[in-house]
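Take a look at the structure below.
The values are calculated or read from the model by the stated rules, or taken from the named source; none is laboratory data. Remember, it's a predicted structure, so these values are computed and weren't measured experimentally. Cβ placement follows ideal geometry from the backbone for every residue including glycine, while neighbour counts extend to all protein chains displayed.
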Protein chains: 2
Amino acid sequence: MREYNVAILGATGAVGTRLIEQLEKSSIPVKAVKLLASKRSAGKVLQFNGQDVVVEEATPESFDDVDIVLASAGGAASKKFLPEAVKRGAVAVDNTSAFRMDPEVPLVVPEVNEKAIYDHKGIIANPNCSTIQMVVALKPIEDVAGLKQVIVSTYQAGSGAGQTAIAELDHQAQQHLNGEKMTADIFPVKSAKKHYPLAYNLLPQIDVFEEDGSTHEEWKMVHETKKIMEGDMNSDAVKVNATCVRVPVVIGHGESVFFEVEDSSKLTPAKVKELMQNGAGITLQDDPDNQIYPQPINAEGSTQTFVGRIREDQENPGSYNMWVVSDNLLKGAAANTVQIAEKLVEHDLVRVPAEYYGK
Amino acid sequence: MREYNVAILGATGAVGTRLIEQLEKSSIPVKAVKLLASKRSAGKVLQFNGQDVVVEEATPESFDDVDIVLASAGGAASKKFLPEAVKRGAVAVDNTSAFRMDPEVPLVVPEVNEKAIYDHKGIIANPNCSTIQMVVALKPIEDVAGLKQVIVSTYQAGSGAGQTAIAELDHQAQQHLNGEKMTADIFPVKSAKKHYPLAYNLLPQIDVFEEDGSTHEEWKMVHETKKIMEGDMNSDAVKVNATCVRVPVVIGHGESVFFEVEDSSKLTPAKVKELMQNGAGITLQDDPDNQIYPQPINAEGSTQTFVGRIREDQENPGSYNMWVVSDNLLKGAAANTVQIAEKLVEHDLVRVPAEYYGK
């Protein structure tokens, strides 16, 4: 049995530490693991399967003899290092936005478009967290009735902005409880000019603004969904309208999803529930009588996408609402990344083709 | 000039204390104010215009010689006392859901359907908080282009569940920060069987569940909006699809509003912004380049409805998104209630007709 040398780029971050955990739990036969990070974090000691591993500073040479790279150190690091890794024969699964819309890079959620990995050129991209949980929930609907339009409003947890953002959210909450003025250095976007408190607040800005008034996070939900859905179905891409809002939750994104299908005769609320019950990667939590519905505090730590509050629009037959929650650091990031790597191993695709990315 | 005896029913609650403040600031010439509450709160001393006022237990006789009642003590108290008040010659503005859908009771947001107060029979209802701020923002659109459909997802503050709910949210946040397990006795609905923490969480349940799987809060947004809009426009009612979610914010509801208009030729994003700029009760906060958009922490204490993040749907010309925030205890409750009372005074409508409510 082939065993793999795996490198985790960005091993010390909120997603990085979860990449280590998910890799430990995965079906991938790991020969050795290499934990890479920026110079600042080098020397830190983390554990893999109970063994100490010293974090090393990432350099192009770090990827010599590496088979699989799992990357979550930011877009700039991925752009710099992943082509170097591929050149050295490694296959990289990237959790940043660096390569997602690159036509040479498959954008993959295994439950939705697993087959897209067959054509990889060394880099496979992991979609944005808010996109992943939505397409997992929409896939069984698309298969049965076809999707015409999706209108989504997100309720995104602070941990999406990284480890330091989690600390800032807690600090702001304590300031508020102490009757002090809340201070902000990270939210909504660290690199932005202005910062606002997230605790006890709502920030309708995730990532930077585009020309058309949407945020880049909203743009991602629209365009990544089309790329993932088209990749699988070869159909006209579904219309997507997204509004992304950061909420004072640490872990677990919520999404209020309205969808209109092509063929409304194929669905009833009971059928939608059945599809979710049997959907890959989905746990149905939909029992209003017993107040059962998805909640972030219950989703934390799970790699499932939780779906509930399924209703047909009384005035628009064929249109439905659902409420989708998932751990944004797991299925939204680390778990999906490792799952892609598992599929690469399963289908013996951990090999870089002659015409590799960037050649 | 006529002066008015004003009674506030439910004076000690989260909305009640704000009713006192809004009445102090109002244009209503107040002769005397009577503060009424349940037996439990009777004897408490509050202030009106710097004078001590002892809270009295509400009884039917409390309303003798009262001209205007402002009620926010819960639906049961309104059902019990308001017909008694009207019988005694008082006009009541009710902030509970008790009479909202009663065909004999106007449901009023002054910026939208002020004229509905002309036909009152002694009771005028104040709509649900989440409905008010939405219809304020939609009214200028309806007037210019006609509304076909609205799809709204709410982000509702904990204070909508009352004063004790605010304390519970703070307590849960402190538990979380102390590393303790969060406890819950109030959210999502005090009378419900199960309670869940709101701090660091999202609860897609506000009020009880209906037969069709929607919550009563969602039902209110659909049906109250139709009643308010139809009352004003005599047109076919707009289609409304609502998803209501409680978020860990103390004050200020956010709403992600998608709307489709009848005549898309009448609107552009610039035109929508202009309509909001000039709209009654609306403050436009829409400058992405400078990260200006509505936020609950900035809306707190204001009676305005704040609108921003205005965008046209790139794939559905004639459909737009906007982000609407308002202080749910002010425009969503106390301020709108007092504003209705001001209009009653302005148009000399503080008189009960011969065919009064319940006669």
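Could you go through segment A:258-272 and let me know if any residue there is facing chain B (nearest Cβ under 9 Å), out of contact with any Pro (no Cβ under 6 Å at 6 or more places or on another chain), assigned to a strand (DSSP E or B) and crowded, with 18+ Cβ neighbours inside 10 Å. If you could, list the steps in order and put the result at the bottom.
Here is the first cut: in segment A:258-272, the ones facing chain B (nearest Cβ under 9 Å) are A:258, A:269.
In the following step, the residues that additionally are out of contact with any Pro (no Cβ under 6 Å at 6 or more places or on another chain) were identified as A:258, A:269.
Subset that is assigned to a strand (DSSP E or B): A:258.
With crowded, with 18+ Cβ neighbours inside 10 Å added as a condition, the list becomes A:258.
Yes.
Does B:GLN175 qualify as being surrounded by fewer than 19 Cβ atoms within 10 Å (Cβ to Cβ), in contact (Cβ under 8 Å) with a residue 24 or more places away in the chain and assigned by TED's automatic domain parsing to the domain that holds B:VAL307? Yes, satisfied.
When segment A:119-141 is limited to residues that are among the charged types (D, E, K, R) and at pLDDT 95 or above, the one that is farthest from A:ASP207 (Cα to Cα) turns out to be A:LYS121.
Remark: pairs (first residue in segment A:26-55, at positive phi; second residue of a type outside the set (S, T, N, Q); Cβ separation under 7 Å; 6+ apart in sequence or on different chains) = A:GLY43/A:VAL54; A:GLY43/A:VAL55; A:ASN49/A:GLU24. Set side by side, the residues B:GLY179, B:GLY146, B:GLY160 differ, and just one is farther than 18 Å from B:THR243 by Cβ and modelled with pLDDT under 95, which is B:GLY146.
Considering only residues that are part of a helix (DSSP H, G or I), under 20 Å from the mean Cα position of the chain (by Cα) and among the polar types (S, T, N, Q), look in segment B:1-42 and name the one that is farthest from B:ALA161 (Cα to Cα).
Applying the filter and picking the extreme gives B:GLN22.
Yes or no: segment A:96-105 includes at least one residue that is small (Gly, Ala, Ser), crowded, with 18+ Cβ neighbours inside 10 Å and touching a strand residue (DSSP E or B) at 6+ places or on another chain (Cβ under 9 Å). Yes, segment A:96-105 contains a residue that is small (Gly, Ala, Ser), crowded, with 18+ Cβ neighbours inside 10 Å and touching a strand residue (DSSP E or B) at 6+ places or on another chain (Cβ under 9 Å).
Would segment B:225-239 turn up any residue that is assigned to a loop (DSSP other than H, G, I, E, B) and within 10 Å of another protein chain (Cβ to nearest Cβ)? Lay out the reasoning, then the answer.
So in segment B:225-239, the residues assigned to a loop (DSSP other than H, G, I, E, B) come out as B:234-238.
Add one more test, that the residue is within 10 Å of another protein chain (Cβ to nearest Cβ), and what stays is B:237-238.
Yes: one or more hits.
Within segment B:194-213, the set of residues being at the interface with chain A (Cβ under 7 Å from one of its Cβ atoms), buried (at least 24 other Cβ atoms within 10 Å of the Cβ) and of a type in the set (A, V, I, L, M, F, W, C) comprises B:LEU202, B:LEU203. Checking each residue in segment B:162-213 for being more than 19 Å from A:GLY158 (Cβ to Cβ), among the polar types (S, T, N, Q) and in a loop (DSSP other than H, G, I, E, B) picks out B:THR183, B:SER191, B:GLN205.
Looking across segment A:278-322, just one residue is under 14 Å from A:ILE132 (Cα atoms), among the hydrophobic types (A, V, I, L, M, F, W, C) and either out of contact with any strand residue (DSSP E or B) (no Cβ under 6 Å at 6 or more places or on another chain) or within 8 Å of another protein chain (Cβ to nearest Cβ) (or both), and that is A:ALA280.
So which residues in segment A:56-69 are touching a residue at least 12 places away in the same chain (Cβ under 8 Å) and over 16 Å from A:VAL352 (Cβ atoms)?
Residues of segment A:56-69 touching a residue at least 12 places away in the same chain (Cβ under 8 Å): A:56-58, A:60, A:62-69.
Result: A:GLU56, A:GLU57, A:ALA58, A:SER62.
Take the conditions closer than 30 Å to A:LEU267 by Cβ and either crowded, with 18+ Cβ neighbours inside 10 Å or under 12 Å from the mean Cα position of the chain (by Cα) (or both) and apply them to A:PRO83. Does it pass?
no
Only one of the numbered conditions (1) surrounded by fewer than 20 Cβ atoms within 10 Å (Cβ to Cβ); (2) part of a loop (DSSP other than H, G, I, E, B); (3) at pLDDT 95 or above is violated by A:PRO294, and that is (1).
Pairs, please: C-beta under 8 Å, at least 6 apart or cross-chain, first residue at positive phi and in segment B:281-301, second of a type in the set (S, T, N, Q)? Final answer for the pair search is B:GLY281/B:THR303; B:GLY281/B:GLN304; B:GLY281/B:THR305; B:GLN291/A:GLN205.
Tell me which residues, restricted to segment A:304-327, are closer than 20 Å to B:TYR200 by Cβ, touching a Lys or Arg at 6+ places or on another chain (Cβ under 8 Å) and not in a strand (DSSP E or B). Selection gives A:GLN304 alone. Checking each residue in segment B:184-193 for being in contact (Cβ under 8 Å) with a residue 12 or more places away in the chain, within 10 Å of another protein chain (Cβ to nearest Cβ) and surrounded by fewer than 18 Cβ atoms within 10 Å (Cβ to Cβ) picks out only B:ALA192.
Please go through segment A:113-133 and pick out each residue that is in contact with an Asp or Glu (Cβ under 6 Å, 6 or more places away or on another chain), in a helix (DSSP H, G or I) and buried (at least 24 other Cβ atoms within 10 Å of the Cβ). Across segment A:113-133, the qualifying residue is only A:THR131.
Considering every residue within segment A:235-243, establish whether at least one is within 16 Å of A:ILE132 (Cβ to Cβ) and more than 17 Å from the chain's Cα centre (by Cα). Step through it out loud before you land on a result.
From segment A:235-243, those within 16 Å of A:ILE132 (Cβ to Cβ) are A:238, A:240, A:242; that's our starting set.
Narrowing further to those that are more than 17 Å from the chain's Cα centre (by Cα): A:238, A:240.
Checked segment A:235-243: at least one residue is within 16 Å of A:ILE132 (Cβ to Cβ) and more than 17 Å from the chain's Cα centre (by Cα).
Scan segment B:194-205 residue by residue and report those that are among the aliphatic types (A, V, I, L, M) and either without any contact (Cβ under 8 Å) to a residue 40 or more places away in the chain or closer than 20 Å to A:ASP289 by Cβ (or both). First the steps, then the outcome.
Narrowing segment B:194-205 to residues among the aliphatic types (A, V, I, L, M): B:198-199, B:202-203.
Of everything in segment B:194-205, just one residue is among the aliphatic types (A, V, I, L, M) and either without any contact (Cβ under 8 Å) to a residue 40 or more places away in the chain or closer than 20 Å to A:ASP289 by Cβ (or both), namely B:LEU203.
Selection of segment B:20-60 for residues being among the charged types (D, E, K, R) and closer than 19 Å to B:TYR4 by Cα yields B:GLU21, B:GLU24, B:LYS25, B:LYS31, B:LYS34, B:ASP52, B:GLU56. Consider A:ASP287 carefully, then state whether it is surrounded by fewer than 18 Cβ atoms within 10 Å (Cβ to Cβ) and more than 25 Å from A:SER97 (Cα to Cα). So A:ASP287 fits the description; yes. The set of residues from segment A:142-155 being surrounded by fewer than 24 Cβ atoms within 10 Å (Cβ to Cβ) and either outside any strand (DSSP E or B) or touching a Gly at 6+ places or on another chain (Cβ under 8 Å) (or both) comprises A:GLU142, A:ASP143, A:VAL144, A:ALA145, A:GLY146.
Based on what the data block shows, is B:VAL245 at pLDDT below 95 and of a type outside the set (Phe, Trp, Tyr)? Step through it out loud before you land on a result.
Working: at pLDDT below 95: no; of a type outside the set (Phe, Trp, Tyr): yes.
So B:VAL245 fails the test.
Right, B:SER38: crowded, with 19+ Cβ neighbours inside 10 Å, out of contact with any His (no Cβ under 7 Å at 6 or more places or on another chain) and either farther than 15 Å from B:ALA125 by Cβ or not aliphatic (A, V, I, L, M) (or both) or not? No, not satisfied. Selection of segment A:149-183 for residues being within 11 Å of another protein chain (Cβ to nearest Cβ) and either charged (D, E, K, R) or under 25 Å from B:ASN321 (Cβ atoms) (or both) yields A:GLN149, A:VAL150, A:ILE151, A:VAL152, A:SER153, A:THR154, A:TYR155, A:GLN156, A:ALA157, A:GLY158, A:ASP170, A:LYS181.
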